[in-house]
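In what follows, a single structure is set out as structure tokens and then discussed.
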Amino acid sequence: MTIQSLGVGSGLALDDLVQQLISAERQPKETSLNAREEAVEAEISGLGQIKSKLSEFKDSVDDLRTDSDINGREPTIKNPSEDNDVLSAEASSSALRGSYSITVEQLSAGSRITTNAGDFSSSSDALLSGGTGSLTFAVGTDKSFTVDVDNTTTLADLRELVNNSADNFGVTANIIETGTAEGPRLVFVSEETGAGNDLSITNDTGNAELDRLTTGGGATNISAANIELAKNAIASVDGIVVESSSNEFDNSIQNVSFTVNELSPKDANGNALSSTLGIGFDKEGLEQKIRDFVDNYNGLIDEVGRLTRYGESNLEDDGALAGDSLLRGMQSGLAKIVSENVSNSSLGGLFRLGVELDKDGKLEIGSSDFGLGSGEDRLKAALEDSFDDIAKLFTDENEGIAVRLYNFVEEFSSSDGLISLREKSAKESRENINSARESLELRMISFEQTVRAKYVNLDKTVAQLNQTGSALFAALY
């Protein structure tokens, strides 16, 4: 008798029995693997969240760990009115604090050359009646370009030749059509500003018809009255006249650069109205950096607490990294650094800056007084009077809080840091679990084959016994 399906021959539910045996064999192993996988995935996720918080915290610490980040100078400009934009400024961290009265008397400009009235009757007429020639445009000895012309070149063509020259260093040509007997007038403007950077136009080949386009100073050349020389920007700083070949004044005030944008407005009597340039510490910027430091520190501590907590009851889950010694050690190390003093700063520690550790291990701009004012009072006083000591508090090479915190966090957050090593180990565990699942599947296939083979034989035996019993029963009756 051939058994087509397990249990058909015997009439017993052998297939269900086999499935139950397989399930009983698989379930404890699979449950264990699922629990291990859930724990590993939670660990990987938790470590990723900590790395993200560490990155945010490290960025805020990085903004405080160099002297230039703290002692930066902030220029403030007060113009005569809101409608004015007389100047803008930048200052290095070594600029001295002070206030300066500035007026702008002249903006820098390049040369402007206009051909003489009546020299040309039409912009479409040829420049030469015959032959060829060339014109060289130059500023000083370092910058020049040459254009070639012939008896087909018009005034309009010359404009295009100048503007499109590959060697053009900043000369623009344009034609003004006067519509009068003065005829069209060709205007050349140079971008090279500053006294002495005057544009010259030279007739290279001596063709007399080109003299009316040159600045040679002869009777047939462009008149001096039609030549505007390049000029410096001129300003007055606290009554002292200063000049610059461009509109940027670099170090006229030591370690300060200011750019003039327009002439100073004048009062009813024609006197220039001054703008005030103040150079001081960037108190608002530093205060924001300190507050960001506090917020990001607390965000990191909150994340560590959330991930390492134990549930207070059976109904509350543990954190993904409950009781993790690495994160607890990191938290203790951070608290130790922010609570210690810096001997080179008269502020001593964060407390005199208004920053305190609360009972939960987080930082706050404290409310306690101790005869020194609230945290807000201490912070504002330090920002007003103790910029250098704030810098030492955070940036001292050996004891600076920001320097030490940055280096400490780097041990955990770098690509080869402690957390990355933990992540690598957790990911290896995940791979091992996947391998274990594959091995389990192979074992279960083998187990099922073995069990089915046993119960196929049982099915056949019972079927044969049933058949024999039926024959005996028939013979007797």
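Rounded to the nearest 20 debye, the dipole magnitude of the range 355-477 is 1940 debye, with +1 charges on Lys and Arg beta carbons, -1 on Asp and Glu beta carbons, and the Cα centre as origin. Taken as entire DSSP H runs, the helices of the chain that both span 18 Å or more between Cα atoms along their own long axis and average 0.0 or more on the Kyte-Doolittle scale are 325-339. The modelled label-to-label distance for the pair T202/R97, using points 7 Å beyond Cα in the direction of Cβ, is 5.6 nm. The accessible surface of the chain, taken with every protein chain in place and a 1.4 Å probe, is 46 percent carbon and sulfur. Measuring nothing but how far apart in sequence close Cα pairs (under 8 Å, 6+ apart) lie, relative to its length, the chain scores a relative contact order of 23 percent.
The residues of the range 376-477 expose on average 61 square angstrom of accessible surface per residue, using a 1.4 Å probe on protein heavy atoms. Fully extending the segment from A39 to E248 would add 69.0 nm, taking 0.36 nm per residue of separation and subtracting the current Cα-Cα distance.
Full extension of the segment from S55 to D15, taken as 0.36 nm per residue of separation minus the current Cα-Cα distance, would add 8.7 nm. For the residue pairs K359/K424; K53/K392; K78/K380; K29/K460, the alpha carbons lie more than 29 Å apart in K359/K424; K29/K460.
Placing a pseudo-label 7 Å from each Cα along the Cα-to-Cβ vector at N261 and Q331 gives an inter-label distance of 5.1 nm. The residues T215, T153, T461, sorted by heavy-atom accessible surface at 1.4 Å with ligands and nucleic acids left out, run T461, T215, T153 from largest to smallest. Our summary of shape: the Cα atoms of the range 399-452 have principal axis extents of 73, 13, 8 Å, ordered from largest down, in whole angstrom. Counting 0.36 nm for each residue step from E448 to E384 and taking away their Cα separation leaves a gain of 15.0 nm.
Sorted largest first by accessible area at a 1.4 angstrom probe radius, with every protein chain in place, the residues S144, S415, S420 fall in the order S415, S144, S420. A straight line joining the Cα centroids of the range 183-234 and the range 83-129 runs 17 Å.
Solvent exposure of the range 80-185 amounts to 50 Å² per residue of accessible area, where only protein heavy atoms count and the probe is 1.4 Å.
Classification of the chain by its C-alpha gyration tensor yields an oblate form. The axis ratio a/c (a ≥ b ≥ c) is 1.5 or more, and b/c is at least a/b.
The values are calculated or read from the model by the stated rules, or taken from the named source; none is laboratory data. Owing to the predicted nature of the structure, the values given are computational and were not obtained by experimental measurement. Cβ: placed from backbone, ideal geometry, glycine included. Neighbour counts: every protein chain shown. Remember, those area values only see protein heavy atoms, side chains included, never the ligands or the DNA or RNA. Shrake-Rupley method; radii C 1.70, N 1.55, O 1.52, S 1.80 Å.
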